[in-house]
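Participant: This is the structure I have questions about; it appears just below.
The values are calculated or read from the model by the stated rules, or taken from the named source; none is laboratory data. As the structure is a prediction and not an experimental result, all values here were calculated from the model. Here the Cβ positions follow ideal geometry from the backbone for every residue, glycine too, while neighbour counts run over all protein chains shown. Just the protein is used for accessible areas: all its heavy atoms, side chains included, with ligands, DNA and RNA removed. Shrake-Rupley method; radii C 1.70, N 1.55, O 1.52, S 1.80 Å.
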Amino acid sequence: MVDPERQNTLLELLNTTPVVNGAARDELADPEAAKAWQRAHGGSGSAEELRHLVQARDVLQEVLRGTRPATSLAPTLEGVVYRPRLSPEGVVWELDAPAERRLAVEAVMAWSALQEAKPGRLRPCANPECCLFLLDRSKTNRARWCSMAVCGNRMKARRHYQRTRDNAAE
């Protein structure tokens, strides 16, 4: 079972590198903004934690775009252990990871859980000018854009313009 909160955190992390006014922007490049993001997601806000988080984010983005293999994530998971613990409700799995890598490890674990439970649902936006990702929660698994209002409309308008231009040229 994939924790919806971890799914959302993973998607938020992947989408910290949007294209704004035609230029790529890294929302975690500003130390204060990064610290706020880390703390809002249960982190300490340390520079070391941020370094691991950004590294994991960058590799996850490349894995999802198909430019790197999943094995590229191995350094993030090095020395990490998932331990079972019995509770009144049953078996609970606890993550044992160095504190400065915990957020990065949780992101990789959320990605892995999604790959297993909902393969292909987490993917890049189909707009080649967009750097965002989407988690397709639709029944048909046919969502293509991070936002129908932004990328979807742009791509449809482009296709329409291309069709009308091609028809006018004939």
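Participant: Which of the residues spanning segment 9-21 are touching a residue at least 12 places away in the same chain (Cβ under 8 Å) and either acidic (Asp, Glu) or more than 20 Å from Glu94 (Cα to Cα) (or both)?
Facilitator: Leu11, Glu12, Leu13, Leu14, Asn15, Thr16, Thr17, Pro18, Val19
Participant: Something else: In the set Arg6, Arg25, Arg57, which member is open to solvent by 70 Å² or more (accessible area, probe 1.4 Å), within 21 Å of Glu129 (Cα to Cα) and of a type in the set (D, E, K, R)?
Facilitator: Details: Arg6 fails: within 21 Å of Glu129 (Cα to Cα); Arg57 fails: open to solvent by 70 Å² or more (accessible area, probe 1.4 Å).
The conditions single out Arg25.
Participant: With (1) among the hydroxyl-bearing types (Ser, Thr, Tyr); (2) open to solvent by 80 Å² or more (accessible area, probe 1.4 Å); (3) farther than 27 Å from Asp136 by Cβ as the list, and Thr67 as the residue in question, which single condition is left unmet?
Facilitator: (3) is the only condition that Thr67 fails.
Participant: Go through segment 120-130 and count every residue that is part of a loop (DSSP other than H, G, I, E, B), within 12 Å of the chain's Cα centre (by Cα) and surrounded by fewer than 18 Cβ atoms within 10 Å (Cβ to Cβ). Steps first, answer last, please.
Facilitator: To start, the set of residues in segment 120-130 that are part of a loop (DSSP other than H, G, I, E, B) comprises 120-121, 125-130.
Those still in the list that are within 12 Å of the chain's Cα centre (by Cα) too: 121, 125.
Among the residues that remain, those that are also surrounded by fewer than 18 Cβ atoms within 10 Å (Cβ to Cβ) are: 121.
So the count comes out to 1.
Participant: I would also like to ask the following. Please enumerate the residues belonging to segment 84-108 that are open to solvent by 60 Å² or more (accessible area, probe 1.4 Å) and in contact with a Leu (Cβ under 8 Å, 6 or more places away or on another chain). Lay out the reasoning, then the answer.
Facilitator: Step one: filter segment 84-108 for residues open to solvent by 60 Å² or more (accessible area, probe 1.4 Å), giving 84-86, 88-89, 91, 93-94, 96, 99-100, 102.
If the condition is that a residue be open to solvent by 60 Å² or more (accessible area, probe 1.4 Å) and in contact with a Leu (Cβ under 8 Å, 6 or more places away or on another chain), then Arg102 is the only one that fits.
Participant: In addition: Please pick out the residue among Arg39, Arg65 that is free of Cβ contacts under 8 Å to residues at least 24 places away in the same chain and not hydrophobic (A, V, I, L, M, F, W, C).
Facilitator: That would be Arg39, the only listed residue that is free of Cβ contacts under 8 Å to residues at least 24 places away in the same chain and not hydrophobic (A, V, I, L, M, F, W, C).
Participant: Of all residues being assigned to a loop (DSSP other than H, G, I, E, B) and crowded, with 19+ Cβ neighbours inside 10 Å in segment 132-153, which is modelled with the highest pLDDT? Just the residue, please.
Facilitator: Here the residue is Leu132.
Participant: OK, next. Could you say whether any residue in segment 89-109 is of a type in the set (Lys, Arg), assigned to a loop (DSSP other than H, G, I, E, B) and at negative phi?
Facilitator: no
Participant: Same structure, new question: Looking only at segment 73-81, decide whether some residue is of a type outside the set (Gly, Ala, Ser), closer than 26 Å to Arg121 by Cα, open to solvent by 70 Å² or more (accessible area, probe 1.4 Å) and in a loop (DSSP other than H, G, I, E, B).
Facilitator: Within segment 73-81 (the criterion being of a type outside the set (Gly, Ala, Ser), closer than 26 Å to Arg121 by Cα, open to solvent by 70 Å² or more (accessible area, probe 1.4 Å) and in a loop (DSSP other than H, G, I, E, B)), the answer is no, since none of the residues qualifies.
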